[in-house]
Amino acid sequence: MTVLKVAIVGCGNISRSHARSYAAAPAEVVGVADIVLAKAEELAGKIGGTAYASATELLAATDPDLVSVTTPPGSHAELAIEILAAGKSVLLEKPPVLSLAEMDAVAAAERASAGSVYVVFQHRHGSGGLRAASLLADGSLGKPQVAVCETLWFRPVSYFDPEWRGTWVGEGGGPTLGHGIHQIDLLLHLLGPWKSLTATAVRLDRPVEFEDVSMASVIFESGAVATVINSLLSPRELSRIRIDTTGGSLEVNHLYGYSDADWTFHPVPDAARAATLGLDPGVRRTGSSSDVSSGADPWVASAGDDVPSNHEAQLGRLVDDLLAGRTHETTLASTRPTMEFVTALYASALTGTAMRRADLTPDHPFYRALHGDVPQAVIDRTMT
């Protein structure tokens, strides 16, 4: 094939990012669907293809190679299973599903299908993230020891006006699942398997059934430790990951997507500079070239073309991979550790206990839902 046939199910805001990305790739949109047909017709009028009132109608009338699912999260699993049953591949917007049980059900449908499942975690695919993953994996930046992961965003009360928002059924969870999951996924992608965490989740202001702020203290299998915070109450929005290694400090500061300019790496100070640290406590110093090692900087040396971490980066790569017969690396299976992390955060916050990744077996109370079937009245008391 020289052009991939694609379809989009769900014609809300995020569908436009998929449409733009496919327009920039060797892809043809053959159909779009939405339960509000007028929305599907509007999108089809802009990008081509035929409008349908459901995924069922679209699959019966078209023959796409890949279907983007950009509906509210509560419908992702059911739609993915239907699309896989038709033998088609699926691209799920984040969060891919609302529970580990749903993830495993989709995985079972994938094993029985000719299609495959991929997940939108575009921060893995910007050039900065690709470089960071490669250099951390081969040890060029040193061994990770301490990390900070922050998703400090702001969503007004009006954000929750749609009836599906703010509910366990519609959204599945708060900023941990629906917003911070991007940064969490990138952190895990860079640092590898996590081992255990202890978390807190609170509802301070927004009219939701779950949290509007969460935080966790994490231990990785490598021995590295990290703190993770997610907020929808932060007026000066920021997305940040900082990883301190034996070789230096790697950091990315951005909002909804980074470019190479948003990444920095500060190698460890040379011996002479390190010996002076702390000698004048309380005295502010300005940085200078003497603050760091004079040796080669592996981060600077690895620089190449700047690819921002947007939908176009991942969807363009996905289309190219499928056309070339390559495996696209952001598979459903590769994102399970991220859903496990999110699940453990809610379990720890609602039970007041530390959670190990190994605890999340199918018989665990939080395996089937992020609220763990805890009564809403108890959740309200715990989070407020």
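List of remarks:
- Tilt relative to the chain, helix 100-111 - C-alpha long axis, 0 to 90 degrees, to 10: 60 degrees
- Candidate lysines - alpha carbon under 28 Å from K143, same-chain residues fewer than 8 apart omitted: K195
- In Hz, Karplus ³J(HN,Hα) per residue of region 296-306 (6.51, -1.76, 1.60; θ = phi - 60°; x = Gly, Pro): 5, 9, x, 5, 4, 5, 8, 4, x, 5, 7
- With DNA, RNA and ligands ignored, accessible area of Y159 (1.4 Å probe; Å², nearest 10): 60 Å²
- Potential lengthening between R165 and A85 on full extension [0.36 nm per residue; Cα-Cα distance subtracted]: 25.9 nm
- Cα-based equivalent ellipsoid, region 339-384: semi-axes from gyration tensor eigenvalues, Å: 18, 11, 8
- Local net charge near S196, Cβ-Cβ under 10 Å (Lys/Arg +1, Asp/Glu -1): +1
- Backbone HN-Hα couplings from phi across region 69-74 [Karplus 6.51/-1.76/1.60, Hz, Gly and Pro as x]: 9, 10, 7, x, x, x
- Rounded to 5, percent antiparallel among DSSP beta bridges of the chain: 60 percent
- Three-way shape call for region 230-384 based on the alpha-carbon gyration tensor, with the a/c threshold at 1.5: oblate
- Among A324, A105, A27: highest mean-square fluctuation, GNM of the chain, C-alpha pairs under 10 Å: A324
- Rounded to 10°, Cα long-axis angle of helix 181-191 versus longest principal axis of the chain: 50 degrees
- Helix content alone sets the calculated 222 nm mean residue ellipticity of the chain: runs of n ≥ 4 DSSP H residues at -39500 (n - 2.57) each, divided across all residues, give -9000 deg cm²/dmol.
- Amide H within-cut-off set for L91, under 5 Å, with H built and near neighbours excluded: V67, S68, V69, Y118
- Computed FRET value (nearest 0.05) for K46 with T276, which takes r as the C-beta separation and R₀ as 56 Å: 0.40
- Sequence-distant aspartates and glutamates (8 or more away, or on other chains) whose Cα lies within less than 13 Å of K94: E171, D185
- Mean separation of Cα contacts under 8 Å, 6 or more apart, over the residue count of the chain: relative contact order %: 19 percent
- Counting only aspartates and glutamates at least 8 places from K88 when in the same chain, those with an alpha carbon closer than 15 Å to its own are E57, D63, D65, E78, E110.
- Rounded tilt (10° steps) of 37-47 against the dominant C-alpha axis of the chain: 70 degrees
- Residues in region 132-145 carry Karplus couplings, in order, of 4, 4, 5, 6, 6, 5, 8, x, 4, 9, x, 8, x, 10 Hz; the curve used is 6.51 cos²θ - 1.76 cosθ + 1.60 with θ = phi - 60°, and Gly or Pro positions show x.
- Summary value for region 171-279: 18 percent relative contact order, contacts being C-alpha pairs under 8 angstrom separated by 6+ residues.
- Gyration tensor verdict on region 162-304 (Cα atoms; rounded if a/c is under 1.5, prolate if a/b is larger than b/c, oblate otherwise): prolate
- Region 198-249 - percent relative contact order, Cα under 8 Å, separation 6 or more: 25 percent
The values are calculated or read from the model by the stated rules, or taken from the named source; none is laboratory data. The shown structure was predicted, so the numbers you read here are calculated from the model rather than taken from an experiment. Here Cβ is always computed from backbone atoms with ideal geometry, including for glycine, and neighbour counts include all displayed protein chains. To get the accessible areas, we keep the full protein, side chains included, count just its heavy atoms, and leave off ligands, DNA and RNA. Shrake-Rupley method; radii C 1.70, N 1.55, O 1.52, S 1.80 Å.
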